[in-house]
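**Student:** Attaching a single structure in structure tokens format; questions to follow.
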2 protein chains.
Amino acid sequence: MEGAVSARVRVRRHADRGVYEQAVIEQILDEAYICHVGFVADGQPMVLPTVHVRVGAAVYLHGAVANAMFAAAVDHSVCVTATIIDGLVMARSVYDHSMNYRSVVVLGVAEDVTDPDEKRMALRALVEHVVAGRSREAREPSDSDVRSTRVLRVAISEASAKIRSGPPKDAAENLALPIWAGVVPLRLVAGDPVPDELMARDIPLPEYLEPERVTARGASRN
Amino acid sequence: MEGAVSARVRVRRHADRGVYEQAVIEQILDEAYICHVGFVADGQPMVLPTVHVRVGAAVYLHGAVANAMFAAAVDHSVCVTATIIDGLVMARSVYDHSMNYRSVVVLGVAEDVTDPDEKRMALRALVEHVVAGRSREAREPSDSDVRSTRVLRVAISEASAKIRSGPPKDAAENLALPIWAGVVPLRLVAGDPVPDELMARDIPLPEYLEPERVTARGASRN
């Protein structure tokens, strides 16, 4: 995609943070649990959080067929943004405080996926995106499940990533101020799984749900 | 705000998850580090991640004056959405998988804050939102800092929260399937702070940056 970056997704503020390699864009989309989808409804921009999954060079989203907002997005321009927070950047001055993060913006038209096989593939992939290994065990969607779910596909053809990492960047005249400066790393951590009370007690926790396995999500995909 | 909920922010899908109490909306905005701001640029919905802060019944955002996208949002309708992921909901069937989350959607017009005192207040509050206690120590913005920063204010007058919590909700016919079901809790955790290499070694880590203090963010605001 390099060399063909549209003006709409080119990173202008902090241009040095812009990344346009498809592999980097895909990695961020794969690691982020959810995205925020933007669309226009009656002239009003709307932003809703939803789980996504990348398959090849497309992002899939899903929602109930009865979801009026999702229906309104079909065949319209949307913006899919996924963001991972990596740390809090403490500078000497209020002005230079920042965050370390990795984000992706994908612009495209939301296409309604009508082929049942592609819908099934996407629904399984959505579960697999959240917890790798889960889709092999969970009960597959019924025909009725598939019919009542809308699946949207957005091609990753106009997209960019923006990444900030590393220490604070204070102005030279502030470096000697006696103020602690540095980065507080942040990461999403899985806790001990809470079994459903309605479940038989003799069903063991699958390996793929052990907290360190769930947590390793990012690392395992790097 | 209850009783005066606009159709645009009323939660329709999973209406039982809709919450309209101002205190709940404020708590979610206070706990979330960042929001995703949606606006329309040349007909295209754009969604960008940015830090926010709630002060009273308004959300403040900021960006460089030179930031063309932020400039385009001034006096236009925006959508400010903040989302906290609390857990991964593992159901027996693919169809019933979900996440536990708390999200807020605020619709409003982005007002350009031009009063320098209000801008200063907002810039300090933004730092304080990220790490409580930090604004008392960090160097205050200079007049030049304030001039080169755009601060936007969005009133929290048309807003709603959506919350999912608790165990999976499988269909009755799936409850007996021999599949582990439950919730994997997720939370954002602070790691050991990484001091800036350019900082004098004798500056101690402030108490408010100890990982457990940073982590307690949500709890301390509940």
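**Student:** Nm distances between the label at B:ALA15 and the same-position labels in the remaining copies, 7 Å along Cα→Cβ, shortest first?
**Tutor:** 5.2
**Student:** Can you give the average number of partner chain beta-carbon atoms within 10 Å of each beta-carbon in peptide A:195-205, as a whole number? Let's see the in-between values first.
**Tutor:** Details: counts 6, 14, 3, 10, 12, 6, 0, 1, 6, 1, 3.
The mean count of partner-chain Cβ atoms within 10 Å per residue comes to 6.
**Student:** Ignoring everything except DSSP H segments at least 4 long, calculate the 222 nm mean residue ellipticity for the protein assembly as shown; use -39,500 (n - 2.57) per segment, divide by total residues, nearest 500.
**Tutor:** Working: 12 runs with 92 residues, N = 444.
Mean residue ellipticity at 222 nm (helix-derived): -5500 deg cm²/dmol.
**Student:** Treating the beta-carbon of each Lys and Arg as +1 and of each Asp and Glu as -1, no other charges, what is the dipole magnitude of the protein assembly as shown about its Cα centre, to the nearest 20 debye?
**Tutor:** That gives the protein assembly as shown a dipole magnitude of about 320 debye.
**Student:** Need one number for segment A:15-188: average projected area of the convex hull over its C-alpha atoms, nm².
**Tutor:** 12.3 nm²
**Student:** A further question on this structure: Explain nothing, just the number: dipole magnitude of chain A about its Cα centre with +1 on each Lys and Arg Cβ and -1 on each Asp and Glu Cβ, in debye rounded to the nearest 20.
**Tutor:** It works out to roughly 620 debye.
**Student:** Using Cα-only point scatterers and the Debye equation, what is log10 of I(q)/I(0) for the protein assembly as shown at each q in 0.10 Å⁻¹, rounded to two decimals?
**Tutor:** -0.72
**Student:** Using a label point 7 angstrom from Cα along Cα-to-C-beta, what distances in nm, from shortest up, separate A:GLY191 from the other copies?
**Tutor:** Between copies, matching label points for A:GLY191 lie 2.2 nm apart.
**Student:** Starting from the 7 Å offset along Cα-to-Cβ, what nm value, one decimal, do you get for the label separation of A:ALA155 and A:VAL194?
**Tutor:** 4.4 nm
**Student:** Could you work out the equivalent-ellipsoid semi-axes for segment B:52-135, taking the square root of 5 times each eigenvalue of the Cα gyration tensor, largest first, in whole Å?
**Tutor:** Taking √(5λ) for each eigenvalue gives 33, 17, 10 Å, largest first.
**Student:** Take the Cβ-Cβ distance between B:ARG201 and B:VAL109 as r, set R0 to 56 Å, and report the resulting FRET efficiency rounded to the nearest 0.05.
**Tutor:** Efficiency computed from Cβ-Cβ geometry: 0.70.
**Student:** Taking the 0 to 90 degree range and rounding to the nearest ten, how far is the long axis of helix B:116-130 tilted relative to the main principal axis of chain B, both from C-alpha atoms?
**Tutor:** It is inclined by approximately 50 degrees.
**Student:** Kindly put B:ILE34, A:ILE28 in sequence by how many other C-beta atoms sit within 10 Å of each C-beta, fewest to most.
**Tutor:** Going from sparsest to densest Cβ surroundings: B:ILE34, A:ILE28.
**Student:** Still on this model: Give me a single rounded figure for B:27-40: the average over its residues of other chain Cβ atoms within 10 Å of their Cβ.
**Tutor:** Mean number of neighbouring Cβ atoms from other chains: 4.
**Student:** Between B:PRO45, B:ALA15, B:ALA32, whose Cα lies farthest towards the positive end of the dipole of segment B:13-71 when Lys and Arg beta carbons carry +1 and Asp and Glu beta carbons carry -1, centred on the Cα centre?
**Tutor:** B:PRO45
**Student:** Normalised radius of gyration for segment A:125-172, please: alpha carbon Rg relative to 2.2 N^0.38 Å, two decimal places.
**Tutor:** Against the empirical 2.2 N^0.38 Å value, I get 2.06 for segment A:125-172.
**Student:** OK, next. Compute, for segment A:156-217, the length of the dipole vector about the Cα centre, with Cβ point charges of +1 (Lys, Arg) and -1 (Asp, Glu) only. Units Debye, rounded to 20.
**Tutor:** Once rounded to the nearest 20, the dipole reads 380 debye.
**Student:** Which of the aspartates and glutamates could a cross-linker bridge to B:LYS169, judged by Cα under 15 Å and excluding same-chain residues fewer than eight apart?
**Tutor:** Filter leaves A:ASP145, A:ASP196, A:GLU197, B:ASP16, B:ASP96.
**Student:** Here's a follow-up. I need the inter-copy label distances for B:GLU140: point set 7 Å along Cα to C-beta, values in nm with one decimal, smallest first.
**Tutor:** Copy-to-copy label distances for B:GLU140: 6.7 nm.
**Student:** For a quick protection proxy, order the peptides B:193-199, A:79-85, A:37-43 by their average other-Cβ count within 10 Å, most packed first.
**Tutor:** Put in order of decreasing packing, that is A:79-85, A:37-43, B:193-199.
**Student:** What average count of beta carbons from other chains do you get within 10 Å of the Cβ of residues in B:102-114? Mind showing how you got there, number by number?
**Tutor:** Details: counts 1, 6, 1, 4, 1, 4, 0, 0, 0, 0, 0, 0, 0.
Counting Cβ atoms of other protein chains within 10 Å of each residue's Cβ and averaging gives 1.
Readers should treat all values here as calculations from the given coordinates under stated rules, not as data from a laboratory. On a predicted model such as this, the values are computed, not experimentally measured, just so you know. Heads up, the Cβs are rebuilt from the backbone with ideal geometry, glycines too, and the neighbour counts pull from every protein chain shown.
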